[in-house]
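The values are calculated or read from the model by the stated rules, or taken from the named source; none is laboratory data. Keep in mind that what you see is a predicted model, and the values were worked out from it rather than measured. With ideal geometry, Cβ positions are generated from the backbone for all residues, glycine too; neighbour counts draw on all protein chains shown.
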Amino acid sequence: MKYKCAKSLFASRYLLILLLLLPAILSAHKLSPAAAKRFHIKKILADNNTWQLAKDIYQDKPWELSNENGVLLLSILDSFPKMNESIQGFYFVVIAKSKDKSDGFYSEGLGAGGKDYVDNHLRNFLNFFIGKGKLPDTYLEKWVDIVWLEFAITLEGTSETSKEIAHDYDSKCQQCNPSQREVLKKFEDRLKTGIDLYLSKQ
């Protein structure tokens, strides 16, 4: 009886803590008014030409990772670097949020495409987290996790270290300004943590 009461009390306290933390968790993913303005979110959501799937993902509405939706998301990722700057921020967030349901062929394509974007457009990537209306760091973390999807494949059986991988990004950022280097360090630190943990288990 005492065990059941203690278990019930623990569950109640856990639920209370979760409820107290929920607003902070949700706000960490929410764009500031300045970011919403910078990335034209209101206009894009009202645009009939914006894919409904992208709207649903952005607004955290229910969506399924069907083959059709997976192909559409990968086509968005493929065209992302060539998109007009006025809509890039919106799709940057959509791609990041889609990671939560990544699986199978979409997971592989997301990792490969995401890493390719960061590798070849590093300074543009970093700029999303700089200046007035910058994106929250939670989206930087999501993009690290996207890039990690590809590293989880390419690192298998390799002798490459996290320091060597970080050096590769440093070499691509030689023309970066101090703000961009600051964001890059956050990106590298999180990526190196994941890589070191992975390699330690090989």
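Are any of the residues in region 133-140 assigned by TED's automatic domain parsing to the domain that holds LYS37, more than 23 Å from ASP78 (Cα to Cα), under 13 Å from the mean Cα position of the chain (by Cα) and not acidic (Asp, Glu)?
Among the residues of region 133-140, at least one is assigned by TED's automatic domain parsing to the domain that holds LYS37, more than 23 Å from ASP78 (Cα to Cα), under 13 Å from the mean Cα position of the chain (by Cα) and not acidic (Asp, Glu), which makes the answer yes.
Can you tell me how many residues within region 171-180 are surrounded by fewer than 14 Cβ atoms within 10 Å (Cβ to Cβ) and not polar (S, T, N, Q)?
Initial filter on region 171-180 (surrounded by fewer than 14 Cβ atoms within 10 Å (Cβ to Cβ)): 171, 174-175, 177-178.
Of the ones still in play, those that are also not polar (S, T, N, Q) are 178.
Count: 1.
Regarding GLU164, is this residue part of a loop (DSSP other than H, G, I, E, B) and either loosely packed, with under 12 Cβ neighbours inside 10 Å or β-branched (Val, Ile, Thr) (or both)?
No; evaluated as a whole, the condition is false for this residue.
Given the options LEU197, LEU149, LEU191, LEU184, name the one that is farther than 25 Å from ASN127 by Cβ and either without any contact (Cβ under 8 Å) to a residue 40 or more places away in the chain or within 22 Å of the chain's Cα centre (by Cα) (or both).
On the way: LEU149 fails: farther than 25 Å from ASN127 by Cβ; LEU191 fails: farther than 25 Å from ASN127 by Cβ; LEU184 fails: farther than 25 Å from ASN127 by Cβ.
Result: LEU197 is the single residue among LEU197, LEU149, LEU191, LEU184 that is farther than 25 Å from ASN127 by Cβ and either without any contact (Cβ under 8 Å) to a residue 40 or more places away in the chain or within 22 Å of the chain's Cα centre (by Cα) (or both).
Would you be able to tell me the number of residues in region 142-161 that are surrounded by fewer than 15 Cβ atoms within 10 Å (Cβ to Cβ) and at pLDDT 85 or above?
0
Is there a residue in region 9-19 that is modelled with pLDDT under 95, within 23 Å of ASP137 (Cβ to Cβ) and not small (Gly, Ala, Ser)?
Filtering region 9-19 for residues modelled with pLDDT under 95 gives 9-19.
When the remaining residues are screened for being within 23 Å of ASP137 (Cβ to Cβ), the result is 17-18.
Next cut, not small (Gly, Ala, Ser) only: 17-18.
So far as region 9-19 goes, yes, one or more of its residues are modelled with pLDDT under 95, within 23 Å of ASP137 (Cβ to Cβ) and not small (Gly, Ala, Ser).
Which count do you get for residues in region 58-85 that are of a type in the set (Gly, Ala, Ser) and in contact with a helix residue (DSSP H, G or I) (Cβ under 8 Å, 6 or more places away or on another chain)?
Of the residues in that region, 1 qualify.
Would you mind telling me which numbered condition in (1) touching a Ser or Thr at 6+ places or on another chain (Cβ under 7 Å); (2) among the β-branched types (Val, Ile, Thr); (3) more than 23 Å from LYS172 (Cα to Cα) VAL94 fails?
It fails just one condition, (1).
Going by what's in this entry, would THR193 be described as surrounded by fewer than 18 Cβ atoms within 10 Å (Cβ to Cβ) and modelled with pLDDT under 95?
Details: surrounded by fewer than 18 Cβ atoms within 10 Å (Cβ to Cβ): yes; modelled with pLDDT under 95: yes.
Yes: the conditions hold for THR193.
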